[in-house]
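Everything on this sheet refers to the single structure shown next.
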Amino acid sequence: MEQLAALDRFYNDIISCLRKACELCIPHKRSITNQFNVPGSNTFVKEKHDDTRQAYFFWLENGKPRFGVLFDDMQKSQAKFKLALRYCREHVDEMKADACANAVFDKDAKRFWHEVYKLSNVKATTNVSTIAGKVGDRQIADMWKQYNCIVLNMIM
């Protein structure tokens, strides 16, 4: 029983070391994108959001009527806002490509290359292809197998 517990601790320590090594050595990018950060929202959604807020506050100041012109205006503005937001969320790739195209048309090389970098960096791989001269999944797995056999034989 003690050997199984020791082996389990040893395994957990190995996994912990591997995770820490990956965090330190493998480049990665944390995305800050959330449901509120939608490409194209400044172009398509901002004006509709402002209209919706204005209609909502006007509706609120007048006692939140359940029918009438104020209620209809608030509902229509909310529907337009949600439709524009849904359009942007469904066409994210197009919005990103449009941002690159607009940078070219504005003759802004710095912004263009910044947009290209953002597009291409998303597809960067974080998988390691070479470890200690071993290439490919099979060779790397065999290397770890041999290493663990040596280490585990020393413990037992």
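Are any residues in region 51-93 of a type in the set (Lys, Arg) and more than 30 Å from Glu115 (Cβ to Cβ), and if so, which ones?
Lys64, Arg66, Lys76
Is it fair to say Ala99 is in a helix (DSSP H, G or I), modelled with pLDDT under 75, farther than 30 Å from Asn12 by Cα and in contact with a helix residue (DSSP H, G or I) (Cβ under 6 Å, 6 or more places away or on another chain)?
yes
May I ask you to list the residues in region 76-101 that are among the basic types (Lys, Arg) and either out of contact with any Pro (no Cβ under 8 Å at 6 or more places or on another chain) or at positive phi (or both)?
Correct list: Lys76, Lys80, Lys82, Arg86, Arg89.
For Asp73, only one of the following conditions fails: (1) at negative phi; (2) more than 22 Å from the chain's Cα centre (by Cα); (3) modelled with pLDDT under 75. What is its number?
With (1) at negative phi; (2) more than 22 Å from the chain's Cα centre (by Cα); (3) modelled with pLDDT under 75 applied to Asp73, the lone miss is (3).
The values are calculated or read from the model by the stated rules, or taken from the named source; none is laboratory data. Fair warning: this is a prediction, and the values are worked out from it, not measured in the lab. FYI the Cβ positions are ideal-geometry reconstructions off the backbone, even for glycines, and counts take in every protein chain you see.
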